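Everything below concerns the one structure shown next.
The values are calculated or read from the model by the stated rules, or taken from the named source; none is laboratory data. Quick caveat: nothing in here was measured; it's all calculated off a predicted structure. Please note: Cβ atoms are built from the backbone with ideal geometry, for glycine as well, and neighbour counts cover all protein chains shown. In case anyone asks, the SASA skips ligands and DNA or RNA and just uses the protein heavy atoms, side chains included. Shrake-Rupley method; radii C 1.70, N 1.55, O 1.52, S 1.80 Å.
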Amino acid sequence: MFTLENVKYKDVLQIQNLKIHSGKVTVIVGESGSGKSTLLRLLNRMVNPTEGEIFYNGKNIREINPVNLRRKVVMLPQNPIMFPGTIKDNLLIGFKFSEKPLVDDNKLSEAMKIVKLDKKLDDKVDKLSGGEKQRVALCRTMLLEPEVFLLDEPSSALDEGTEDIIIKNIIDYVVENKKTLVMVTHSIKIAEEYGENILEIGNGKVIRNEMR
Amino acid sequence: MEGVVDLNIYQMISAYIFVLILLVIVRLRGIPREKEIIISSFRMTIQLILAGYVLDYIFKSSSPILTLIIIMIMEVFAIYNTFKRVKYPLTKELKKIISVSMFSGTLVSLFYFLLVVIGMKPWYDPRYFIPISGMIVGNSMTGISLGTKNLIEGMNSKKDLVETALMMGATPKMASKDIVNNAFDASILPTINSMVGMGIVSLPGMMTGQILSGISPLIAVRYQIAIMLGIMGSVSLTVIIFLQLGYKTFFTKDSQLNI
């Protein structure tokens, strides 16, 4: 799916050769500041590599329109950002951005169940806790049904119990729908349990690349 | 009373009593402002006397080239003043866009106003051209300064929102739509507010001037209504051109945020 060749991004990241496989769950672990988020940002072209090339399905991503690429490869940033308005506004805004047809309330409520968000669609987002906001953001990303999910610490604001359930639900969804998932996590436990490919990044380099 | 009362030199001098009153007040209260009051009164007097002579010369010579030079000076002054008013560092690209928007927005509105609304002949009659372009350029300058300030502030404070939108496949235009709309709203608000109070809270300067020079208030209000609409048009046009071009400078050609 993704092939990285001699990719360098400033002094942050240096990857000689890396493949991210289609239809697999790739989990990235590593110390904070090691370049994990930068790797995700490179994959959906929020930044360009200073050197080297990245290929998506065999095509150099420099030749793909960045907006079109991001509609197939959606990234969820670490800090859940809410747009002003209700939960429903936030769940639908992704469809507007990616110019996809809107879905009905039932579909939205179903997606909320996957992330265990027990709230009303009309609830204002500014009243939500950090963990709830994170789940709205996650739900918003999942609803877009892209080819690739790039999730940057999607459960960092959740307690361990909730984290386990939500991550399991996401993985089930991804596997069932044959999607590709690249997820950064702080939890070795999650990586070991769900990662079909575990990447460990240290000091901007891949120090472990294990297929399971 | 018919016509205009010409103020003679003694009458003019008697008006400076107001400066003296102010000086006495600040002196008695111990407010250290005497210097500024004297300098500003002096500057105002000299600047206006000079402006009077310059305008008198221009009106008498009534030359199209001279009129064009004047409007160019006004535009350049307004553009530099905009750069100065916005308290953020401006990129070269943004400065270029401010200049292009000011020139195109104000000149289109100005010529439409002079040629279509007033139907002025000759088109360069400085008696109309100069005061009207002054009002249009001045108000558009305020509008574009507010637009620039709000666009920069919006982009910086909502950087995360813009980036989140991009990550979901938004185009830069979609991602910055709310910021652009807010900046536009903030820029036209002063013009809209001034229209609301006009005639009740305040009598606008142009109308007051016309009335003082003996023109019927009924004609003066017609001009005032027309010029207010012209100002509103020019402010909106200038600001929308600026914003439509300006937001793009915050993104790279690869639709990445450039702040």
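For the stretch B:26-66, count the residues as N, evaluate 2.2 N^0.38 Å, and divide the Cα radius of gyration by that value, please.
1.90
Total buried accessible area between B and A, probe 1.4 Å, nearest 100: 1800 Å². I'd like the distance between the alpha-carbon centres of the stretch B:111-171 and the stretch B:1-40, rounded to an integer number of Å. Using only Cα atoms to place each centre, the spacing works out to 37 Å.
Beta bridges assigned by DSSP with both partners in the protein assembly as shown are antiparallel in approximately 55 percent of cases. The angle between the Cα long axis of helix B:217-246 and the main principal axis of chain B comes to about 30°, on a 0 to 90 degree scale. The antiparallel fraction among DSSP beta bridges confined to chain A stands at about 55%. Which angle between 0 and 90 degrees, to the nearest 10, do you get for helix B:17-29 versus the longest principal axis of chain B when only C-alpha atoms count? Helix B:17-29 sits roughly 70 degrees off the main axis of chain B. Using R0 = 60 Å, the C-beta based FRET efficiency linking A:D126 and B:L7 works out to 0.50. Measuring r between the beta carbons of B:S104 and A:K178 and using R0 = 60 Å, the FRET efficiency lands at 0.70.
Between B:V76 and A:D11, the modelled labels are 4.6 nm apart [label points 7 Å from Cα along Cα→Cβ].
Between B:K177 and B:I215, with labels modelled 7 Å along Cα→Cβ, what's the label distance in nm to one decimal, could you check? So the two model labels end up 4.4 nm from each other.
For the pair A:K59 and A:D89 in one chain, pulling the backbone fully straight at 0.36 nm per residue adds 7.3 nm over the alpha carbon distance. Computed packing ranks the peptides B:161-168, B:8-15 as B:161-168, B:8-15, most packed first, by mean other Cβ atoms within 10 Å.
How many percent of the alpha carbon pairs in the stretch B:158-238 exceed a separation of 18 Å? Percentage above 18 Å: 58. Exposed loop sites are taken as trypsin sites (Lys or Arg not before Pro) in a DSSP loop (any state but H, G, I, E or B) with at most 15 other beta carbon atoms within 10 Å; the longest stretch of chain B without one runs B:88-252. Compute the Cα gyration tensor for the stretch B:1-159, then decide on rounded, prolate or oblate, letting a ≥ b ≥ c be the square roots of its eigenvalues: rounded whenever a/c is under 1.5, prolate when a/b is larger than b/c in the other cases, and oblate in all that remain. Because a/c hits 1.5 or more and a/b fails to exceed b/c, the stretch B:1-159 counts as oblate. With the charge dipole of the stretch B:65-250 set up from +1 on Lys and Arg Cβ and -1 on Asp and Glu Cβ about the Cα centre, the Cα lying farthest toward the positive end among the listed residues B:F250, B:I211, B:P190 is that of B:F250.
Helix B:177-197 axis versus longest C-alpha principal axis of chain B: approximately 20°, rounded to the nearest ten.
What's the average, rounded to a whole number, of partner chain beta-carbon atoms within 10 Å of each residue's beta-carbon in A:70-77? Rounded to a whole number, the mean comes out at 4. Excluding ligands, DNA and RNA, the accessible surface per residue across the stretch A:121-212 is 44 Å² with a 1.4 Å probe.
Rounded to two decimals, what is Rg over Rh for the stretch A:2-211 when you use alpha-carbon atoms and the Kirkwood radius?
0.96
Under the simplified labelling scheme, the A:E147-B:N156 pair shows an inter-label distance of 3.9 nm, with each label point 7 Å from Cα along Cα→Cβ.
Net charge near A:L102: determine it from the other residues with C-beta under 14 Å of the C-beta of A:L102, scoring Lys and Arg +1 and Asp and Glu -1. The answer is 0.
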